[in-house]
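Take a look at the structure set out below.
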Amino acid sequence: MANGTDDKTYKGERSPCDPSRVLHIRRVPIEVSEAEVISLGVPFGKVTNLLMLKGKNQAFIEMASEEAAITMVNYYTTATPHVRNQPVYIQYSNHRELKTDNLPNQGRVQAALQAVNAMHSGNMTLSGTATASDGGMMPGQSPVLRLIVENLYYPVSLEVLHQIFSKFGTVLKIITFTKNNQFQALLQYADPMNAHHAKMALDGQNIYNGCCTLRVEFSKLTSLNVKYNNDKSRDFTRLDLPSGDGQPTLDPSMQTAFGAPGIISSPYPGAAGFAPAIGFHQAGLSMQTMPGALGPLTIPSSAMTGRMTIHGMAPTTIHSVLLVSNLNPESITPHGLFILFGVYGDVHRVKILFNKKENALIQMADATQAQLAMSHLNGQRLHGKVIRVTISKHQTVQLPREGQEDQGLTKDFSGSPLHRFKKPGSKNFQNIFPPSATLHLSNIPPSTTDDFLKDLFASSGYTVKAFKFFQKDRKMALIQLGSVEEAIQALIDLHNHDLGENHHLRVSFSKSTI
């Protein structure tokens, strides 16, 4: 039956079953081992049984408790698990328990269950980990880590932390906060062993080249209570939490990862599905800098299965030049691209391609800024077209030679006074947000009224939905426009607009709404 009822069970369309401690896993690669499937469940609790249906690319996994199964399904709803680089899909089964005693191959299954469960409960001491000297705590004591980021030259988001720490196991919850003028976080793993490995491997590492140094210690807390899912705190096992302070709630599918790929996102354009899963080639944390950090773990823990460096791809050098395609050739100018990409880093050169004007090359100050611009602007609408942003294979943008026809399509902005990130540690690094319909306006002269600013945007063709000055500081305001696309256009048009009295308007994207 091509489209009858039989077919539907595999499209994920059947009515969701009631929670059960037996979970049904679909699209399992045929070459997968029992241990790899079991390790999907182990971070959430003891796995008590397994049934592999290799011919059908399916498996059933039985957890010791229904609660563990619910946590596991909730977690994998937000982060699609990958086994051997293939996404697999997990849902509750109609079965309440697995009866497999007289099936062939169950001896192998029982051996794998014992091995994986024993390893996770810490019965197998992993080489060199059973010492108390490295943090005053034996492994297995607390699954919660306290993180401090020193030398915070670039902002470190909750997604970036999730991406880094997921390499060592399933991250259940993260809370970020600022204390003593330091960016800090609390991060809870499903299993204390994961916390131990992460601490051993990551303490003292730099997130980005030469800055953002991680200090990792065990927390005295044994679990975290997260009330809101937003950019400051998240409980990955509960999609139903409110966003709290007016932050947009995350889309449940979360684009199979967590919002846009983090800054340390993949340098490979096709790898968007691995957003939380990337090796850190361009950054301080390359896997090479952690000798043996993952060595003793012969069986991958669930979250590592899909989150290792993309296999078979040699680390490439990351360039600071972006290729932007699907631009609207009628409306685009080098200056417009300079202003827009300048929100995420300092743009040195822009070249709109002479023969293919829907494409442009943009040279950023460094590779991290190029990554940042790519992760925020890829897929946004500009002049009515959805633009694509990838890392270019070019290392620099060439200026036209003397006498070469160029029609003003190539511009050098390296000496521009409009760069936002010239000063290391500048406040601007902490105020980088994805494009949004609400813009943050600053550098407003004292005599300017709200009507004047609303008229400025309206007369340029934008729909003004709301406006408010900051209570404490009338030099700043928020303005909400009709759509994200309008806001992108307005930022290009009106950033650096002369408001008189020697004040030029500064426009950025806001994370707040009015």
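Provide a single number: the residues in the range 35-86 that are in a strand (DSSP E or B) and in contact with a Lys or Arg (Cβ under 7 Å, 6 or more places away or on another chain).
The total comes to 4.
Take the residues in the range 459-482 that are in contact with a strand residue (DSSP E or B) (Cβ under 9 Å, 6 or more places away or on another chain) and in a loop (DSSP other than H, G, I, E, B); name whichever of them is nearest to Val343 (Cα to Cα).
So the residue we want is Met476.
Is it fair to say Asn102 is open to solvent by 70 Å² or more (accessible area, probe 1.4 Å), over 32 Å from the mean Cα position of the chain (by Cα) and either at pLDDT 90 or above or in the same structural domain as Leu40 (by the TED database) (or both)?
Against the criterion (open to solvent by 70 Å² or more (accessible area, probe 1.4 Å), over 32 Å from the mean Cα position of the chain (by Cα) and either at pLDDT 90 or above or in the same structural domain as Leu40 (by the TED database) (or both)), Asn102 qualifies.
Looking at the range 412-421 only, could you name the residues that are over 15 Å from Leu340 (Cα atoms) and either at pLDDT 95 or above or part of a strand (DSSP E or B) (or both)?
Matches in the range 412-421: Asp412 only.
Being among the polar types (S, T, N, Q) and under 29 Å from Leu152 (Cβ atoms), is that true of even one residue in the range 440-454?
yes
Can you pull out every residue in the range 52-71 that is open to solvent by 40 Å² or more (accessible area, probe 1.4 Å) and not β-branched (Val, Ile, Thr)?
Those that are open to solvent by 40 Å² or more (accessible area, probe 1.4 Å) and not β-branched (Val, Ile, Thr): Leu53, Lys54, Gly55, Lys56, Asn57, Ala64, Ser65, Glu66, Glu67.
Residues are listed down the side, and each one gets a yes or a no for (1) surrounded by fewer than 20 Cβ atoms within 10 Å (Cβ to Cβ); (2) of a type outside the set (Lys, Arg); (3) over 26 Å from the mean Cα position of the chain (by Cα); (4) under 13 Å from Leu409 (Cβ atoms):
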| site | (1), (2), (3), (4) |
| --- | --- |
| Leu340 | no, yes, no, no |
| Gly345 | no, yes, no, no |
| Val350 | no, yes, yes, yes |
| Phe354 | yes, yes, yes, yes |
| Lys357 | yes, no, yes, yes |
| Leu361 | no, yes, no, yes |
| Ala367 | no, yes, no, no |
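I'd like to know if the range 483-495 contains one or more residues that are in contact with a strand residue (DSSP E or B) (Cβ under 6 Å, 6 or more places away or on another chain), within 27 Å of Pro334 (Cα to Cα), assigned to a loop (DSSP other than H, G, I, E, B) and touching a residue at least 40 places away in the same chain (Cβ under 8 Å).
yes
Quick check: is even one residue across the range 413-427 open to solvent by less than 20 Å² (accessible area, probe 1.4 Å) and either in contact with a Pro (Cβ under 7 Å, 6 or more places away or on another chain) or of a type in the set (A, V, I, L, M, F, W, C) (or both)?
Yes; the residues of the range 413-427 include at least one that is open to solvent by less than 20 Å² (accessible area, probe 1.4 Å) and either in contact with a Pro (Cβ under 7 Å, 6 or more places away or on another chain) or of a type in the set (A, V, I, L, M, F, W, C) (or both).
Looking at (1) touching a Ser or Thr at 6+ places or on another chain (Cβ under 7 Å); (2) not in a loop (DSSP other than H, G, I, E, B), find the lone condition where Leu399 falls short.
(2)
The values are calculated or read from the model by the stated rules, or taken from the named source; none is laboratory data. As the structure is a prediction and not an experimental result, all values here were calculated from the model. For neighbour counting, all protein chains shown are included, and Cβ atoms are generated from backbone atoms with ideal geometry for every residue, glycine included. Areas reflect the complete protein model, heavy atoms only, side chains present, ligands, DNA and RNA absent. Shrake-Rupley method; radii C 1.70, N 1.55, O 1.52, S 1.80 Å.
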